[in-house]
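Have a look at the structure below, then the notes.
The values are calculated or read from the model by the stated rules, or taken from the named source; none is laboratory data. Since we're looking at a predicted model, the values are computed, not measured. Ideal geometry is used to build each Cβ from the backbone, glycine not excepted, and the neighbour counts take in all protein chains shown. Surface accessibility is based on the protein's heavy atoms, side chains included, excluding ligands, DNA and RNA. Shrake-Rupley method; radii C 1.70, N 1.55, O 1.52, S 1.80 Å.
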Amino acid sequence: MSVVRVDLEGVASRALAVRREADEPRSPVVRFGPDKPLKLDARVELSPFQVAYQTYGTLNADKSNAILICHALSGDQYVIGEHPATGKPGWWETMVGPGKPIDTDRYFVICPNVLGGCMGTTGPASRNPATGEPYGLSLPVITIRDTVRAQAMLLDQLGIETLFCVTGGSMGAMQALQWAVSYPERVFAALPLAGAARHSAQNIAFHEVGRQAIMADPDWRDGRYLLEGTNPRRGLAVARMAAHITYLSDAALHRKFGRKLQDRETWTFGFDADFQVESYLRHQGSMFVERFDANSYLYITRAMDYFDLAADYDGVLAHAFKGAKTRFCLVSFTSDWLFPTSDARAIVHALNAAAAPVSFAEIETDKGHDAFLLEEPELFAIVNGFLDGAARARGLSAAKG
Amino acid sequence: MLAREGDSPAATASVPRVDLLVVADMVTPGSRVLDVGCGDGELLRLLSEKRGVDARGIEISREGVNHCVAKGLAVIQGDADVDLADYPNDAFDYVILSQTLQATRRPRWVLEQMLRIGRHAVISFPNFGHWRIRLQLLTRGRMPVTQNLPDSWYDTPNIHFCTLRDFVELVRAVDARMERSVSLDRHGRRVRLYAPLGFWNLFGEQAVFLLSRKS
């Protein structure tokens with residue numbers, strides 16, 4: 001089946017491409033039939049459903065070297081290598097690959113697309129078998145725990161009982177933490193980066209701005225845009241622009257752009273992108289809409305908002321980790337104001353109260369929340385050291401496989 | 001928690017410092033240990049590699065923590081004066097405070113927390129009652145600066161110096177049992193094994209105590 005070139009065709013064929021990627025992704029995919037429904041937190045069952053994923057490296061003979069990488073809000077399963085839709089490198093090239101801290105010569109890496117996503121795991125762009133049309137807003141609202149439950153079913157299908165490590169940044173960190181709480185016996189080590197045990201009021205507020213921007217776009221059509229041949233580009237772009245600011249820091253924006261003007265000597269006294277920072281944000285927004293589904297953005301941000309690990313434990317986070325044997329390593333970044341160090345420290349305190357083995361490092365950087373994706377030698381040394389120590393404890397050989 | 005007094009590149013290279021060996025010697029192999037103020041993790045490494053201990057650490061400096069974690073040690077960034085409160089009772093067999101007591105804001109509280117969190121507490125500290133220090137104070141009338149305590153009073157991290165005798169008083173005050181004590185001279189050699197406290201207080205530059213809860 002040939003791929004529709006999004007940039008050359010009209011919105012109608014774009015809708016086709018989105019639906020195709022959602023239903024018949026270019027990734028490997030595991031389909032769960034009516035015999036294996038996914039029990040959602042929303043107290044309904046999702047069935048059938050599917051999980052698309054990528055793997056890197058080789059699973060060793062006793063299946064003890066698997067690392068689950070959980071992607072963030074705007075990420076997907078294409079951790080490294082050329083992205084099939086955008087042609088760009090994967091989102092974690094800095095961290096993952098042969099000889100990298102998450103060494104694919106040594107570990108078997110699995111990265112599934114999250115539930116509600118638009119790259120092949122069941123989401124709002126997927127075909128609802130009951131109607132033959134995309135789910136749109138008729139897809140039940142999903143949670144981080146639902147996603148983790150689906151991932152556990154994927155691992156069952158792949159024959160992987162225990163994970164050597166589960167890791168991810170931001171929303172990926174939420175999934176990693178949820179894994180350690182939901183399936184403690186299946187997680188040897190957990191490495192949540194720039195994460196939190198619950199989404200803060202400020203974070204929910206930012207997400208609400210993004211969702212309102214999407215829903216205010218007339219092309220959104222109450223979520224039926226794939227059927228009506230429109231695309232809420234402007235709404236999604238604004239959502240992305242607002243969110244992108246929260247991933248950076250004042251210092252990083254100042255360092256990169258300052259008040260510099262974009263290809264001009266002076267102000268235009270208009271509302272064109274006079275400043276470089278405006279031009280940059282517009283670019284970020286327009287790139288994002290080419291690869292992301294607006295309804296997926298609604299569902300995934302909602303899942304993050306609902307995330308609160310302590311909620312099921314009378315609000316006491318330490319109880320969530322009671323008896324934890326998993327080795328934890330948490331990392332935060334000094335300039336991250338979206339998931340600040342205090343969020344990581346709250347988790348560390350809870351783990352201490354549960355007497356769980358935990359490492360915690362705060363890295364000094366001005367790169368903000370996105371630092372976990374960027375060139376941060378100190379982060380690489382920490383991830384490398386933590387995984388190496390865990391591998392020794394797990395009895396994994398230093399050599400390949 | 002702070003750079004340890006007497007740390008030198010030569011000392012940290014490969015041969016463990018004598019005071020660390022003395023501390024490690026007080027820990028039962030295979031036990032659970034928390035090292036409060038673990039610095040660059042030298043003691044943690046010694047404990048986990050040589051004594052098969054489940055060793056964790058708290059360290060206040062970011063560089064120290066990141067260094068430790070990169071070595072695969074279970075260390076968190078934290079402040080002994082605050083963060084010990086988070087740990088449950090009896091979480092560890094031993095809680096170690098090596099060359100850090102004098103740098104805490106609340107030494108008594110820290111010691112009480114250690115004895116709550118762990119069944120045993122191991123504390124090593126520089127003895128301010130050593131004759132050299134007494135002599136400097138007496139003859140020069142100024143705060144002593146020695147090889148093991150090289151900082152001037154205005155920039156030393158050590159804000160709560162005590163003598164060996166003072167410490168023994170604190171142990172009584174918190175109602176702990178003294179199981180073992182060792183005194184070391186400036187070269188890290190043990191000061192005569194059987195001697196009255198006054199002798200140690202005069203000739204020991206460092207002291208290492210193994211304490212336990214009475215109840």
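Brief remarks on what is shown
- Filtering region B:75-125 to residues that are within 10 Å of chain A (Cβ to nearest Cβ), of a type in the set (A, V, I, L, M) and assigned to a strand (DSSP E or B) leaves B:Val75, B:Ile76.
- Scan of region A:223-240 for residues that are within 14 Å of A:Tyr299 (Cα to Cα) and surrounded by fewer than 16 Cβ atoms within 10 Å (Cβ to Cβ), ordered by number: none
- Residue that is most open to solvent (accessible area, probe 1.4 Å), among those in region A:244-275 that are more than 11 Å from A:Lys367 (Cα to Cα) and of a type in the set (Phe, Trp, Tyr): A:Phe271
- Selection over region B:48-68 of residues that are in a helix (DSSP H, G or I), within 14 Å of B:Gly78 (Cα to Cα) and more than 9 Å from every other protein chain (Cβ to nearest Cβ) gives a count of 2.
- Region A:343-395, residues that are facing another protein chain (nearest Cβ under 8 Å), open to solvent by less than 10 Å² (accessible area, probe 1.4 Å) and not in a helix (DSSP H, G or I): A:Val358, A:Ser359, A:Phe360, A:Ala361, A:Ile363
- Total residues in region A:1-36, condition over 23 Å from the mean Cα position of the chain (by Cα), at pLDDT 95 or above and not basic (Lys, Arg): 3
- Residues of region A:326-342 satisfying the condition of being open to solvent by 10 Å² or more (accessible area, probe 1.4 Å) and either among the hydrophobic types (A, V, I, L, M, F, W, C) or not in a loop (DSSP other than H, G, I, E, B) (or both): A:Arg327, A:Trp337, A:Leu338, A:Thr341, A:Ser342
- Tally, over region A:328-359, of residues that are within 19 Å of A:Phe372 (Cβ to Cβ) and not aromatic (Phe, Trp, Tyr): 19
- Single match in A:Ala130, A:Ala52, A:Ala42 (criterion: among the aliphatic types (A, V, I, L, M) and free of Cβ contacts under 8 Å to residues at least 12 places away in the same chain): A:Ala130
Here's the yes/no breakdown for (1) within 13 Å of A:Leu309 (Cβ to Cβ); (2) of a type in the set (S, T, N, Q); (3) in contact with a helix residue (DSSP H, G or I) (Cβ under 6 Å, 6 or more places away or on another chain):
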{"residue": "A:Trp179", "(1), (2), (3)": "yes, no, yes"}
{"residue": "A:Leu191", "(1), (2), (3)": "no, no, no"}
{"residue": "A:Phe206", "(1), (2), (3)": "no, no, yes"}
{"residue": "A:Val209", "(1), (2), (3)": "no, no, yes"}
{"residue": "A:Ile214", "(1), (2), (3)": "no, no, yes"}
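- Selection from region A:319-344 of residues that are among the hydrophobic types (A, V, I, L, M, F, W, C) and modelled with pLDDT under 95: A:Ala324
- Test: residue in region A:300-311 that is within 8 Å of chain B (Cβ to nearest Cβ) and over 19 Å from the mean Cα position of the chain (by Cα): no
- Filter result for A:Gly258 (more than 23 Å from A:Gly368 (Cα to Cα) and either free of Cβ contacts under 8 Å to residues at least 60 places away in the same chain or in contact with a strand residue (DSSP E or B) (Cβ under 7 Å, 6 or more places away or on another chain) (or both)): no
- Being in a loop (DSSP other than H, G, I, E, B), open to solvent by 10 Å² or more (accessible area, probe 1.4 Å) and in contact (Cβ under 8 Å) with a residue 60 or more places away in the chain is a property that does not hold for B:Leu170.
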